[in-house]
Amino acid sequence: MNNKKYKNLIIKTKIAFYSKIKGFFIFRPYGLKIWENIKYILNKMLIKTKHKNYYFPLLIPKSLFNIEYNNIKNFYKECAIVTHTRFLIKKKKLVIDQKSKLNEELIIRPTSEVIIWDTCKEWIQSYKDLPLLINQWVNVVRLEMKNKMFLRNSEFLWQEGHTAHKNKKEAINEIKKIKKIYINLIKKKLSIPFIYGKKTNTEKFSGAKFTYSFETLTNNGKCIQLATIHFLAKNFSKAFKVMYTNKENKKEYVWNTSWGISTRLIGAMIMIHSDNKGLIIPPKISPIHIIIIPIIKKKYYYKYIKKINKIVKKLKKKLKKNKIKIKYDNNLNITPGNKYFKYEKMGIPIRIVIGKKEIKNNFIEIYRRDKDKKYILKLNNKINIKIINILNKIQKNIYKKAKKKMIKNTFIINDYKIFKKKIINNGGFILSYWDNKKSTELKIKNETKATIRCIINKKKNGKCIYTGKKTNTKVVFGKSY
């Protein structure tokens with residue numbers, strides 16, 4: 001899917017709209033509901049694992065970032081800064097009141113580690129206060145030069161987790177726990193296949209000891225980072241003096257992790273699952289599961305509409321128990337053909353058609369958006385079970401199709417000339433060996449614009465794609481947005 005088609009699809013399906021500021025967009029109800037569904041699913045999993053929701057301020061004093069310089073290295077070129085607090089009106093125009101200049105500049109949140117750990121040092125005194133499991137759902141601002149709706153924006157919504165632990169083992173276990181939670185969300189709910197692995201020192205979050213990421217491929221062969229998990233070790237606790245008293249009554253620094261997902265997941269879903277007709281939304285996160293459209297000629301309207309309404313009411317009642325969301329579009333001013341076009345573009349998993357023929361024969365026509373096919377189902381007591389089974393099949397089929405495409409566009413390459421040609425012309429995931437040197441990584445990036453998405457294997461030996469040196473580090477290369 002090219003950029004123009006991608007943008008048009010987002011606008012036409014009313015997922016989002018442009019604002020007057022470059023890089024900032026407006027969520028419309030349909031798009032926001034997708035994010036709210038993702039949020040609800042993930043939040044439920046985090047509550048089960050005893051994480052608590054907090055909200056920390058949007059504005060962060062610049063001095064806090066100066067304490068942990070490594071944290072801001074990733075973002076210093078993208079920060080939005082508040083310098084004044086007031087305007088004056090001169091000749092019916094707003095001008096900055098220079099007298100309102102702040103004593104200390106405030107940075108609009110690009111990420112929250114510094115303000116969280118500066119605060120939490122007041123809350124953590126003893127080993128009894130640990131683990132501290134913080135989660136927050138907020139917006140962040142990183143002023144991007146290049147923007148692509150959902151995939152690369154100056155403002156986006158995200159979830160960020162921050163945890164403090166007594167020891168390294170506990171922090172590593174937290175990372176394993178979050179990995180399972182994200183796999184569940186990304187694979188089972190969004191039907192997105194991925195490769196998981198460790199980031200290189202060049203690509204990792206600069207405030208972390210190491211970073212793990214979930215990487216996927218879009219239909220045009222470009223890479224998207226879906227989620228990251230950071231092992232911060234004691235980097236932030238030492239910088240902000242976050243200490244606790246252990247059982248032996250000795251002071252120790254806490255061990256930290258952080259991790260997050262963002263509205264980029266929606267962009268990934270659009271890029272991966274969509275086809276020429278429009279969106280295809282996995283049922284688990286779809287705002288609407290079923291669209292029901294009555295097919296009646298105007299002369300038969302009053303004869304059949306009550307019967308159709310009765311069938312719809314029964315279906316809604318049966319499926320409501322299973323939390324299936326149904327929309328019934330009985331607007332006679334829009335033709336069925338136009339309705340089909342509209343809801344197919346919106347990616348609603350199932351369309352049910354009921355008309356004169358269906359009533360007489362006691363069946364309904366079901367259209368599966370993922371397969372672009374129609375089926376006939378008998379109207380009986382098991383109709384709700386059959387529909388739920390179809391939704392489950394749609395969920396699995398969407399993942400299966402996406403996985404097949406990802407495998408098709410994943411290549412094992414050992415020759416640098418072939419590597420360059422493939423990455424420039426086709427993109428995709430390229431699995432090759434790397435000699436673990438930053439200089440090699442940067443040379444490949446400069447020559448091809450491909451980055452190491454993650455390290456996937458350190459067991460088998462091979463030769464570096466660029467230098468030919470022996471190495472056991474196998475990595476995934478790709479080009480991102």
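Here r is the Cβ-Cβ distance between Ile67 and Lys14 and R0 is 30 Å; the resulting FRET efficiency, rounded to 0.05, is 0.10. Here's how it looks for Ile261: its modeled amide H is under 5 Å from those of Gln159, which are all 5 or more places away or on a different chain.
Based on DSSP H runs of at least 4 residues, each adding -39500 (n - 2.57), what is the mean residue ellipticity at 222 nm of the chain after dividing by all its residues, to the nearest 500 deg cm²/dmol? The per-residue figure over the chain is -10500 deg cm²/dmol. Listed values for region 125-136 are Karplus-derived 3J(HN,Hα) couplings in whole Hz (6.51 cos²θ - 1.76 cosθ + 1.60, θ = phi - 60°), namely 10, 10, 4, 5, 8, 10, x, 9, 10, 9, 9, 9, and x replaces Gly and Pro. Database remark: amide H of Cys454 closer than 5 angstrom to the amide H of Val476 (H placed geometrically; neighbours at sequence offset of 5 or more, or on other chains; Pro and chain starts carry no H). Against the chain, whose longest principal axis comes from its Cα atoms, helix 168-183 is set at around 20 degrees.
Karplus-based coupling profile of region 297-306, in residue order and whole Hz: 6, 4, 5, 9, 3, 5, 6, 10, 4, 5, with θ = phi - 60° in 6.51 cos²θ - 1.76 cosθ + 1.60 and x standing for Gly or Pro. Ordered from longest to shortest, the equivalent ellipsoid semi-axes for the chain are 44, 29, 24 Å, each the square root of 5 times a Cα gyration tensor eigenvalue. Note that region 410-478 shows a convex hull volume over its alpha carbon atoms of 69 Å³ per residue. Taken one residue at a time, the phi angles of region 373-379 give Karplus couplings (6.51, -1.76, 1.60, θ = phi - 60°) of 9, 10, 9, 10, 10, 5, 7 Hz. Gly and Pro are set to x.
Taking every alpha-carbon pair under 8 Å whose residues sit at least 6 apart, region 410-478 reaches a relative contact order of 38 percent. Rounded, prolate or oblate: which fits region 288-393, taking a ≥ b ≥ c as square roots of the Cα gyration tensor eigenvalues, rounded meaning a/c under 1.5, else prolate when a/b beats b/c? Judged from the Cα gyration tensor, region 288-393 comes out oblate (a/c at least 1.5, b/c at or above a/b).
Working ranking of peptides 256-264, 298-306, 359-367 by packing, defined as the average number of other Cβ atoms within 10 Å per residue, highest first, is 256-264, 359-367, 298-306. The GluC sites (Glu not before Pro) of region 200-286 that DSSP puts in a loop, and whose beta carbon has at most 10 other beta carbons within 10 Å, are Glu248.
Relative contact order for the chain: 13 percent, from Cα pairs under 8 Å spaced at least 6 residues apart, divided by residue count.
Which entries of Lys22/Lys342; Lys39/Lys323; Lys7/Lys314; Lys168/Lys469; Lys180/Lys238; Lys299/Lys327 show an alpha-carbon separation above 27 angstrom in the structure shown? Too far apart for the 27 Å limit: Lys22/Lys342; Lys7/Lys314; Lys168/Lys469; Lys180/Lys238. Region 332-450 gives an Rg/Rh value of 1.28, both radii derived from C-alpha positions and Rh following Kirkwood. Against the chain, whose longest principal axis is taken from its Cα atoms, helix 264-273 shows a tilt of about 50°. Just for the chain, what percent of DSSP beta bridges are antiparallel, to the closest 5? The answer is about 80 percent antiparallel.
Throughout, read-outs are computed from the coordinates displayed, never taken from laboratory work. Everything numeric in this text was worked out from a predicted model, so none of it was measured. Counting neighbours? That spans all protein chains shown, and the Cβs are built from the backbone with ideal geometry, glycine included.
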